[in-house]
Every structure is written in C-alpha cells, then in structure tokens.
1. May I ask for the distance between the Cα centers of segment 69-90 and segment 118-139, given as a whole number of Å?
2. Starting with the highest mean, order 47-56, 104-113 by the number of other Cβ atoms within 10 Å, averaged over the residues of each peptide.
3. I'm a student and want to see the number: the projected area of the Cα convex hull of segment 24-138, averaged over all directions, in nm².
4. Over segment 64-126, calculate the relative contact order: mean separation of alpha carbon pairs under 8 Å at least 6 apart, over the residue count, as a percent.
5. Relative contact order of segment 24-138: what whole-number percent is it, with Cα pairs under 8 angstrom and at least 6 residues apart?
C-alpha cells in the first residue's frame, strides 16, 4: 500500500511540474476591452490599468459600445474624471483605440474625439490583440 501511495505522489509531482501556469510575464502586454461608460466600472478598470502599467505591462484599451463616450468632447461634463485618467494613461504610453463601428452607431463624430484617442481599424486591433504573450480582459 505504501508503494502505491508513493508512486501516486511521485506521478502527481512529475505531472504537476510539467504544467505551465497561466501567469503574466514581467512585461506581457495587456489589452482591455471597455464597453461601458458607467463611472464605477470605468474607474475600476482605469485604476487597474494604471497599476499594471506601473508594473511594466504595455497597455491598450479598446473603447467600444458606450465606452466610446469616454473619448468624446460631448460627454466631457459627465466623464471629466475618467477622461483625465485616460489622458494620464496615454501620457505614460497607453494606447486607447475607439471602435469605428460604434462611433457610427452611436453618432460620435471623429471631430468629437479628444486628443490622443485613436480610431481603431483591423490592423491596429489585430496588432494589439495578437501580439505575442498579450493578456486580454474585458470590462
């Protein structure tokens, strides 16, 4: 019985050492899809994003659905704190992409966008999402 127990423990240890945990590397890029303009949710994601950038993770935020309002001058009164936080992240190197399709659907014009925000396209998105070792989250 002892032999079987030891054998099972040994097999478990060997198999456990072969599994690679899904942990972020020191500098893995982070891609966040943000589809909300709710202040609490946005505040949470921007705080989290800033913490990850401070740890050396390059950051791309993809604003889609109502998240695009965060980039619009029309919503500066409602989202001034969030727009300030996004501007600060961009000043530190974050890229913030805006969903072009969502802009059309929600009637946000390119001229409405605040400085620094980039209208997304398939090349920009695929370059950010599929960059080696990128981790993705959605809010």
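No lab work stands behind these numbers, since they all come straight from the coordinates. Computed from a predicted structure; not experimentally measured. Cβ coordinates were reconstructed from backbone atoms using ideal geometry, including for glycine residues, and neighbour counts include every protein chain displayed.
1. 21
2. Averaged packing, sorted descending, gives the order 47-56, 104-113.
3. Here the figure is 6.4 nm², rounded to one decimal.
4. Reported relative contact order: 42 percent.
5. Answer for segment 24-138 is 35 percent.
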